[in-house]
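The values are calculated or read from the model by the stated rules, or taken from the named source; none is laboratory data. Owing to the predicted nature of the structure, the values given are computational and were not obtained by experimental measurement. Don't worry about glycine lacking a Cβ; one is built from the backbone with ideal geometry, like all the others, and counts go over all protein chains shown. Side chains are part of the model used for accessible areas, which takes the heavy atoms of the whole protein and leaves out ligands, DNA and RNA. Shrake-Rupley method; radii C 1.70, N 1.55, O 1.52, S 1.80 Å.
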Amino acid sequence: MSAASPAVTASDGAGGSRSHGRVEDDGFLRGTTAFLRDLPSSDCLDVAFVRATVAHGTLGDLELDDARAAPGVMAVLTAADLDLAPFHPFAAVPAAFGRPPLATDRVRFVGELVAIVVADSAAHAVDAAELVGVHTEPLPVVIDADDALADGAPVLFAEVGSNIVLHYDKGRLDDLFDTAAHVIEGRFPNQRLASAPMEPSTFVVRPGGAGGSSALDVWATCQGVHVARHELAEALGMDEADIRVRAAAVGGGFGGRHSIAIELVVLAAAARHLGRALRWDETRTENLLSMVHGRAQCHELAMGFDDDGAITGLRVRNLADCGAYPHFGPLMPFMSRKLACGPYRIPRVDYRWVAYATNTNPVGPYRGAGQPEVTNGLERIMDLAAARLGLDPLELRRRNLLTAEELPHTTVTGLTYDSGDYPATLARAAELVGYDELRAEQGRRRAAGATTQLGVGVACYVSATDGRTEFGAVDVDPDDGTVTVRAGTLSHGQSHATVVGGVVAATLGIDLGAIRYLDADTDVVPRGAGTGGSRSAQMAGSAAQAAAAQVLETARALAADRLEARPEDIVAMPSSAERPAGLGVTGVPTSVLSWAELARAAGPRGLGAEVDLRLDGASFSSGTHASVVEVDVETGGVRLVRHVAVDDCGTVLDATVVAGQQHGGSAAGIGQALFEAITYDAEGNPRATTFADYLLPSAADLPSFDTATLGIPTPIAPNGAKGIGENGAVAAPTSVQNAVIDAVAHLGVRHLELPVTPEAVWRAVTA
């Protein structure tokens, strides 16, 4: 363990614990861990993309001669040169909405790819790209629901006949509120957000190689190499076996890299067309223009209550912007509908949604993927209802939260919540934040007419962990006894080597330093579903644990035979000054076989195991976040004073990693609440194309967070873990929003839309 690595406690998967350090930290802190831009690529030509500068228009002839004659230029390629089929990442979307990798007859958003320039340097490629003449005849632009869904609206895809991509209109309940004593209504937009990973994308594609002239060797910043290989093979009409995909360290994904970037498709096609290795380094502006955006939903909610404050029914209308090409956009409202009940006891739900196309960048998954949007509507309605009913916001939630005794519980939208204690997270958050003391201080400031008012807000949530299947493997080296762990997920900031490696180390009774962790290479790991949906600890952790358990069982039989003992008397022996780790007879510490000896004893077949884990059903993490803000009522300025995150993520495999995810998720949610927004002008021009325009919270904007976990295991997964990575992004936006509104509620403010900027607060107060 390096001096920079903090000590943490990790579960051994069976209730025990041991201390180790995060093994990834040293390389990142010292700068020795390689990102893709650090890898040598002297054999590569560089590329730049020519992009549309208008949001909607008929594409005319391209003027290419000046660019082709520019210094260092090897080729300028268009759609006609590469002949690529439209890209369809989500099968449920009608084929007519498919995206041409390079624009053909029409452009539909600013930033859409028109041509690719290949040159001997990145500077030459960029200079030449600026010489390409792109002629477009402007067409009418639609940028929001009012434009896209209006009667007679301009249509992006003439063959479809409207801008509606998909819609869900089932389960209409006309008598939904017949028994309600109170009906609370509200409209809750979730603004469009950028994933904004720390590292813009880099892609390197080399044709040919070990797989023959038709093969491709690909390096990509992505969230799953097997997902990237599958989508790339489909887009290029290739066999997956002919494509190798690898990733170096990846500086964040947050859902924006769940599916491959369209630039990778074009880059790979161009590399095959030219028979040359190609490289593209994305700029921050290109990232903000082209990486799929998140959120962009608007929920209109109506919730019925009886006189005691119990929920009687919920009606939701959700408008979901998919952007110009419906990437995974329609999946987001599907997820929102499924989680429409949140953690509450809601007996009836009427939920309808419409996904539509606009002349904006495509929308895809972003940290939470449909869950923050519906949670925002629910948690704002709960605060509005509490004010109407004269109840404390916490008390109204207590009356409606599902209890631990009611779980497992199947919601009317078809999800079965597995385990948890929702009231306990609310109580713990209230305790940690000092809720009663805050209300007393708030009362004093209001009575004094202070210019700086205090607000406190909470948000309760349930969040799905994306299970499905996952690959895990464990192999023991017969030479030195080190253990190689392979996983089908891809770590891009989540400390998989520590968490998954720690599970294996604990199972085999070895030190974490004896683990070699491998992912991010389709030639090394045969299959995998990648990282996303808060799934890695549960899926990769459980798969690796199961593989390690098989290795242990085989090794115990080998040791029992050689040590002339019963298998049940064989136990793991940790390393000591006298001997390496291995297996021995319980109570006889001198009788130990090292792991290297056991691997050699296994013979040619080796000592290892592969597991394809499949879980029966989903699991659901839950929790409560509480925020405290100070608002300057004269300027609208907001200062976040405290933020408390209480999360139940099941079995905590590594406390420091979990806390890091709580901090990171909360920071993302606070960014949505107070700072971040992608907006467009009336012509469809994006207003945020740099970090000077797209405001991210810095350390100076955030307090030190207070975190806690409940640790109620899920029965769904062998290791009991649930998701944690997305939870802060689900709960924090609304806990902060509720806190800001609470600070000025006594002045007549009932609602403020996200992001809650100083201007918005000032306008609401002065109004």
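Figures for the structure shown
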read-out: Residue 635 accessible area, assembled protein chains, probe 1.4 Å, Å²; value: 80
read-out: Peptides ranked, highest mean first, by Cβ atoms within 10 Å: ranges 66-74, 474-482, 658-666; value: 658-666, 474-482, 66-74
read-out: DSSP H segments from the chain that extend 24 Å or more along their own axis, Cα-based, with Kyte-Doolittle mean of -0.5 or above; value: 371-389, 536-563, 655-674, 727-744
read-out: Solvent-accessible ranking of 151, 43, largest area first, probe 1.4 Å; value: 151, 43
read-out: Relative contact order computed over the chain (Cα-Cα under 8 Å; 6+ residues apart), in percent; value: 15
read-out: Dipole magnitude of region 270-329, debye to nearest 20 (Cβ charges: Lys/Arg +1, Asp/Glu -1, about Cα centre); value: 660
read-out: Additional length obtainable on full extension of the chain from residue 413 to residue 612, 0.36 nm per residue less Cα span; value: 68.7 nm
read-out: Derived scalar couplings ³J(HN,Hα) [region 144-152; Karplus, 6.51 cos²θ - 1.76 cosθ + 1.60; whole Hz; x for Gly, Pro]; value: 8, 5, 4, 6, 6, 9, 5, 4, x
read-out: Size of electric dipole in the chain: Cβ of Lys, Arg +1 and of Asp, Glu -1, about Cα centre, debye, nearest 20; value: 940
read-out: Three-way shape label, region 339-480, alpha-carbon gyration tensor, a/c 1.5; value: prolate
read-out: Ranked order, 585, 628 - accessible area, probe 1.4 Å, largest first; value: 585, 628
read-out: Fully extended contour minus Cα-Cα distance, from residue 283 to residue 120, at 0.36 nm per residue; value: 56.9 nm
read-out: Whole-number percent relative contact order across region 343-472, with pairs defined as alpha carbons under 8 Å at least 6 apart; value: 26
read-out: Accessible area of the chain belonging to carbon and sulfur atoms, whole % at 1.4 Å probe; value: 51
read-out: Where labels lie 7 Å past Cα in the beta-carbon direction, separation of residue 601 and residue 306 in nm; value: 6.7
read-out: Residues with amide H under 5 Å from that of residue 650, placed H, sequence gap 5 or more; value: 711, 712, 722
read-out: Relative contact order, percent, region 501-657 [alpha-carbon distance under 8 Å, six or more residues apart]; value: 17
read-out: Full-extension gain in nm, residue 63 to residue 135, via 0.36 nm per residue minus C-alpha separation; value: 25.1 nm
read-out: Sites residue 480 and residue 42 - FRET efficiency at Förster radius 41 Å, r taken between beta-carbons, to 0.05; value: 0.75
read-out: Filtered GluC sites (Glu not before Pro), region 561-656: DSSP coil and at most 13 other beta carbons within 10 Å; value: 564, 578, 634
read-out: Three-way shape call for region 545-686 based on the alpha-carbon gyration tensor, with the a/c threshold at 1.5; value: prolate
read-out: In Å², nearest 10: area of residue 170 left accessible to a 1.4 Å probe; value: 130
read-out: Estimated 222 nm signal from helices in the chain, with DSSP H stretches of n ≥ 4 weighted -39500 (n - 2.57), rounded to 500; value: -8500 deg cm²/dmol
read-out: Zone residues, region 584-615, relative to residue 527, backbone N less than 20 Å from point 7 Å out along Cα-to-Cβ; value: 608-615
read-out: Heavy-atom accessible area per residue - region 195-260, 1.4 Å, Å²; value: 31
read-out: Rounded FRET efficiency, nearest 0.05, which uses the C-beta distance separating residue 682 from residue 550 and R0 of 51 Å; value: 0.25
read-out: Solvent-accessible heavy-atom area per residue, rounded to whole Å², over region 480-519 at 1.4 Å; value: 26
read-out: Accessible area, probe 1.4 Å, largest first, for residues 41, 627; value: 41, 627
read-out: Gyration tensor (alpha-carbon) shape descriptor, the chain, a/c threshold 1.5; value: oblate
